[in-house]
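Step one of this worksheet: look at the structure below.
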Amino acid sequence: MSARLSLWLLMLPVLLWLGLLIILPHIDMFFVSLRTRVGVGEYEYGLANYAAFFTEPLYLRTFARTAIMSVLATALTLVIAFPVAYFIAKVARGRWQGVLFLFCLVPFWVSELVRTFGWMILLRETGVFSSVLQWAGLADGPVEMLYNDAAMMVGLVYTSMLFMVVPLVTTLQSLDDSLVEAGYDLGGNGFTVFREIILPHAVPGIVSGSIVVFMLSLGNYLTPTMLGGKDSLWFTEMIYSQFIVRFNWELGAAFGFLLLALSSFIVWAALKLSGQTLEKTLG
Amino acid sequence: MIPTIPQPAAIRWSYRAYVTLFFLYLALPLVTVSVFAFNDSLFPALPWEGFTWDWFFGDERPKRGLFHERSILRAIGTSATVAVAVGLLSVGVGLCNAFLFDRREFRLKGLLYVLMLLPLVIPGIILGISILVFSSTVANGVEDRLGYDLELLRPGLALVVLGQFSFITTIATLVILARLRHFDRSLEEAAMGLGAGRLTAIRTVTLPYLAPALVGSAVVAFLMSFENFNTTLMLVGSDAPLTIEMFDRMKEGSTPVLNAVSLLLMVGSSALALVMILVQRRR
């Protein structure tokens with residue numbers, strides 16, 4: 001077998017996979033997003049779908065809301081996860097380190113459906129928190145804690161926590177303790193050591209964690225649908241309703257492309273700003 | 001803040017308290033879901049009405065347990081079939097990709113590698129709709145030209161498998177590639193020096209070395225497929241996998257049979273994860 005032939009054979013699966021399932025579908029989706037249906041099987045090409053997006057305030061508002069809330073969820077996840085990751089990487093010793101790390105992984109092995117269901121049981125009007133509050137005499141009647149932005153945020157942060165903790169722990173573990181000690185020896189206090197030594201060292205972990213968490217929040221459908229209220233519409237819900245409920249694939253494809261553009265832009269900007277590459281961050 | 005640098009006891013203890021609170025937050029929804037699987041009440045909510053196994057083994061309405069709910073059992077079977085198919089496909093293609101990227105040099109290798117990573121940064125719902133759009137374009141084209149309806153390319157299990165495969169393959173590739181990169185190639189050369197052909201050397205030396213990564217990526221692929229929701233939601237036809245079935249029930253508000261299913265899922269995936277850890281430790 002010649003080297004050339006075997007190279008082609010080895011390349012065939014990856015080319016088929018990426019070509020047929022990633023590249024061509026996205027090109028096709030782009031073409032579909034450029035057309036509008038004018039009659040049965042008759043289409044007109046143009047930017048009408050994108051124009052509809054920019055002229056309809058509901059679409060624009062939902063898009064902006066989804067982006068802002070995703071950034072907020074990412075920031076919250078980072079702030080909550082960082083001390084825990086630092087604890088696992090630097091403070092915990094011996095067996096505890098492995099055990100705590102494993103505990104962080106557990107929710108990931110459980111379906112997102114189950115996690116969301118758990119929060120529903122806890123937060124809803126007949127839920128556990130509401131019952132406990134009434135039992136303790138802190139509330140007179142049932143308290144509805146579900147179907148609002150806060151509940152949705154709790155769910156989003158919970159769902160993506162692992163993807164922040166793991167990269168943070170990995171980068172923080174590679175920080176040499178003696179560097180931290182040197183910082184203190186040179187007269188630094190907790191705050192300056194954190195700002196000058198720990199934080200700069202953790203940047204690769206922060207970037208890769210944030211990228212993944214942002215992506216997962218932006219593309220999440222389940223959490224906003226089940227935990228969010230009537231007003232907390234998520235952009236993925238609009239894509240879903242255009243495709244499955246209204247059967248307007250053309251507009252849905254345009255929405256999909258806009259979401260993809262936003263997520264690609266943010267991933268690209270985060271990589272550029274931090275001087276990382278996709279290969280290093282994911283591979 | 002490392003153990004060798006003394007800190008006031010108050011700070012140390014509040015740090016520990018924070019980490020403890022964090023792990024309570026992680027555990028809370030999962031524990032709640034599990035506990036209510038045993039509540040002898042028609043709703044997964046307080047008050048506690050006593051312990052029961054009915055939501056697993058009960059065989060009469062209204063307390064029909066999951067082992068007597070046909071639709072749930074069928075959905076579990078569907079999910080398992082899909083997950084096995086996705087696991088086999090993605091590990092197979094991942095293995096080819098690992099050899100391609102580790103062993104071969106060719107033009108545009110860097111570009112292909114980045115393309116290979118892309119499915120991880122495309123939101124799942126967009127992967128779903130792009131494949132949905134493209135497959136119907138192809139199916140419609142075939143129907144118009146040849147007058148033959150390609151049932152396989154309409155929403156259904158085949159598309160669900162393809163959709164999940166499209167991004168799980170990236171993960172399988174990365175896992176296998178990471179281990180192959182640490183392989184000492186002189187072992188393979190030794191086998192060939194002893195008279196083995198290249199393929200025999202790979203089969204008897206390299207593949208056994210890769211076995212933990214193959215098993216690991218197969219388990220990860222199986223679990224990710226079993227739990228996938230976003231991509232599946234867009235591609236599903238009339239046969240609902242478990243996540244879709246659970247989603248429909250969650251929207252309607254279900255009896256604790258949903259908790260029983262969730263607990264079963266948790267036990268199942270922990271068992272699989274445990275098997276994987278054991279396999280990897282043995283090597």
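Let's see how each residue does on (1) more than 20 Å from A:THR171 (Cβ to Cβ); (2) at pLDDT below 85; (3) not β-branched (Val, Ile, Thr):
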| site | (1), (2), (3) |
| --- | --- |
| A:TYR43 | yes, yes, yes |
| A:TYR50 | yes, no, yes |
| A:ARG61 | yes, no, yes |
| A:THR66 | yes, no, no |
| A:VAL84 | no, no, no |
| A:LYS90 | no, yes, yes |
| A:PRO107 | yes, yes, yes |
| A:PHE129 | yes, yes, yes |
| A:LEU133 | yes, yes, yes |
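Residue-by-condition table, conditions (1) surrounded by fewer than 17 Cβ atoms within 10 Å (Cβ to Cβ); (2) at pLDDT 90 or above:
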site: B:GLY50; (1), (2): yes, no
site: B:GLY58; (1), (2): no, no
site: B:PRO62; (1), (2): yes, no
site: B:PHE67; (1), (2): yes, no
site: B:LYS109; (1), (2): yes, no
site: B:ILE131; (1), (2): no, yes
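Using the structure shown, decide if A:ILE266 is of a type outside the set (Asp, Glu), part of a helix (DSSP H, G or I) and within 11 Å of chain B (Cβ to nearest Cβ). Against the criterion (of a type outside the set (Asp, Glu), part of a helix (DSSP H, G or I) and within 11 Å of chain B (Cβ to nearest Cβ)), A:ILE266 qualifies. Exactly one residue out of A:LEU146, A:LEU156 is within 18 Å of B:PHE247 (Cβ to Cβ) and in contact with a Lys or Arg (Cβ under 6 Å, 6 or more places away or on another chain): that is A:LEU146. Within the stretch A:1-46, the set of residues being of a type outside the set (A, V, I, L, M) and part of a helix (DSSP H, G or I) comprises A:ARG4, A:SER6, A:TRP8, A:PRO13, A:TRP17, A:GLY19, A:PRO25, A:HIS26, A:ASP28, A:PHE30, A:PHE31, A:SER33. For A:ASP177, indicate whether it is over 22 Å from A:VAL84 (Cα atoms) and of a type in the set (Asp, Glu). Against the criterion (over 22 Å from A:VAL84 (Cα atoms) and of a type in the set (Asp, Glu)), A:ASP177 does not qualify. Residue check: is B:ALA9 without any contact (Cβ under 8 Å) to a residue 12 or more places away in the chain, over 27 Å from B:GLU252 (Cβ atoms) and either more than 8 Å from chain A (Cβ to nearest Cβ) or surrounded by 14 or more Cβ atoms within 10 Å (Cβ to Cβ) (or both)? Taking the combined requirement at face value, the residue satisfies it.
Look at the stretch B:194-219: where a residue is closer than 15 Å to B:LEU95 by Cα and a partner is at pLDDT 85 or above and outside any helix (DSSP H, G or I), sitting 6+ places away or on another chain with Cβ atoms under 8 Å, you get B:THR206/B:PHE183; B:TYR209/B:PHE183; B:LEU210/B:PHE183.
Any residue in the stretch B:141-149 that is more than 7 Å from every other protein chain (Cβ to nearest Cβ), in a loop (DSSP other than H, G, I, E, B) and of a type in the set (Phe, Trp, Tyr)? The answer is yes, given that some residue of the stretch B:141-149 is more than 7 Å from every other protein chain (Cβ to nearest Cβ), in a loop (DSSP other than H, G, I, E, B) and of a type in the set (Phe, Trp, Tyr).
State whether the residues of the stretch A:105-112 include one that is of a type in the set (Asp, Glu) and facing chain B (nearest Cβ under 8 Å).
From the stretch A:105-112, those of a type in the set (Asp, Glu) are A:112; that's our starting set.
Then keep just the ones that are facing chain B (nearest Cβ under 8 Å); that gives A:112.
Looking for residues that are of a type in the set (Asp, Glu) and facing chain B (nearest Cβ under 8 Å), one finds at least one in the stretch A:105-112, hence yes.
For the stretch A:154-179, the candidate set comprises residues that are over 31 Å from the mean Cα position of the chain (by Cα) and free of Cβ contacts under 8 Å to residues at least 40 places away in the same chain; within that set, the residue that is nearest to A:GLY229 (Cα to Cα) is A:LEU179. Could you tell me which of the residues A:ILE68, A:ILE88, A:ILE27, A:ILE23 is over 28 Å from B:THR169 (Cβ atoms), under 31 Å from the mean Cα position of the chain (by Cα) and facing chain B (nearest Cβ under 9 Å)? That would be A:ILE88, the only listed residue that is over 28 Å from B:THR169 (Cβ atoms), under 31 Å from the mean Cα position of the chain (by Cα) and facing chain B (nearest Cβ under 9 Å).
Kindly provide the set of residues from the stretch B:182-193 that are within 31 Å of the chain's Cα centre (by Cα) and without any contact (Cβ under 8 Å) to a residue 24 or more places away in the chain, ordered by number. Talk me through it step by step, then tell me what you get.
Here is the first cut: in the stretch B:182-193, the ones within 31 Å of the chain's Cα centre (by Cα) are B:182-184.
Answer for the stretch B:182-193, where residues must be within 31 Å of the chain's Cα centre (by Cα) and without any contact (Cβ under 8 Å) to a residue 24 or more places away in the chain: B:HIS182, B:ASP184.
Do you know which of the residues in the stretch B:96-111 that are part of a helix (DSSP H, G or I) and not aliphatic (A, V, I, L, M) is farthest from A:ARG4 (Cα to Cα)? Filtering the stretch B:96-111 for residues that are part of a helix (DSSP H, G or I) and not aliphatic (A, V, I, L, M), the one farthest from A:ARG4 (Cα to Cα) comes out as B:GLY110. Scanning the stretch A:49-70 for residues that are surrounded by 15 or more Cβ atoms within 10 Å (Cβ to Cβ) and among the aliphatic types (A, V, I, L, M) gives A:ALA52, A:ALA67, A:MET69.
Here is a yes/no grid of residues against (1) under 28 Å from the mean Cα position of the chain (by Cα); (2) more than 29 Å from A:GLU196 (Cα to Cα); (3) away from every other protein chain (no Cβ under 13 Å); (4) assigned to a strand (DSSP E or B):
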{"position": "B:SER14", "(1), (2), (3), (4)": "no, no, no, no"}
{"position": "B:ALA17", "(1), (2), (3), (4)": "no, no, no, no"}
{"position": "B:LEU21", "(1), (2), (3), (4)": "no, no, no, no"}
{"position": "B:LEU24", "(1), (2), (3), (4)": "yes, yes, no, no"}
{"position": "B:VAL31", "(1), (2), (3), (4)": "yes, yes, no, no"}
{"position": "B:SER41", "(1), (2), (3), (4)": "no, yes, no, no"}
{"position": "B:ALA75", "(1), (2), (3), (4)": "yes, yes, no, no"}
{"position": "B:THR78", "(1), (2), (3), (4)": "yes, yes, yes, no"}
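Considered as a group, the residues in the stretch B:114-134 that are of a type in the set (Gly, Ala, Ser) and within 8 Å of chain A (Cβ to nearest Cβ) include one that is nearest to A:PHE257 (Cα to Cα), and that residue is B:SER130.
Per this entry, B:VAL93 is not counted among residues that are crowded, with 23+ Cβ neighbours inside 10 Å, in a helix (DSSP H, G or I) and touching a residue at least 40 places away in the same chain (Cβ under 8 Å).
Going by what's in this entry, would A:LEU16 be described as surrounded by fewer than 13 Cβ atoms within 10 Å (Cβ to Cβ), closer than 24 Å to B:GLY128 by Cβ and either out of contact with any Pro (no Cβ under 8 Å at 6 or more places or on another chain) or more than 8 Å from chain B (Cβ to nearest Cβ) (or both)? Yes: the conditions hold for A:LEU16.
Being within 11 Å of another protein chain (Cβ to nearest Cβ) and within 20 Å of B:ASN228 (Cα to Cα) is the filter; apply it to the stretch A:239-258 and report the residue that is modelled with the lowest pLDDT. The selected residue is A:ILE244. None of B:PHE134, B:PHE67 is in a helix (DSSP H, G or I) and in contact with a strand residue (DSSP E or B) (Cβ under 9 Å, 6 or more places away or on another chain) except B:PHE67. Residues that are within 29 Å of B:THR243 (Cβ to Cβ) and among the β-branched types (Val, Ile, Thr) within the stretch B:62-114 comprise B:ILE72, B:ILE76, B:THR78, B:THR81, B:VAL82, B:VAL84, B:VAL86, B:VAL91, B:VAL93, listed in sequence order.
Screening the candidates A:THR116, A:THR171 for the property of being more than 9 Å from chain B (Cβ to nearest Cβ) and among the hydroxyl-bearing types (Ser, Thr, Tyr) yields one hit, A:THR171. Those helices (runs of 4 or more DSSP H) of the stretch A:181-238 in which 3 or more residues are touching a residue at least 40 places away in the same chain (Cβ under 8 Å) occupy A:199-218, A:222-227. Looking only at the stretch A:247-281, residues that are without any contact (Cβ under 8 Å) to a residue 12 or more places away in the chain and among the hydroxyl-bearing types (Ser, Thr, Tyr) come to 2 in all.
The values are calculated or read from the model by the stated rules, or taken from the named source; none is laboratory data. What you are looking at is a predicted structure, and each value in this text was computed from that prediction instead of being measured. Every residue, glycine as well, gets a Cβ built from its backbone with ideal geometry; the counts of neighbours run over all protein chains shown.
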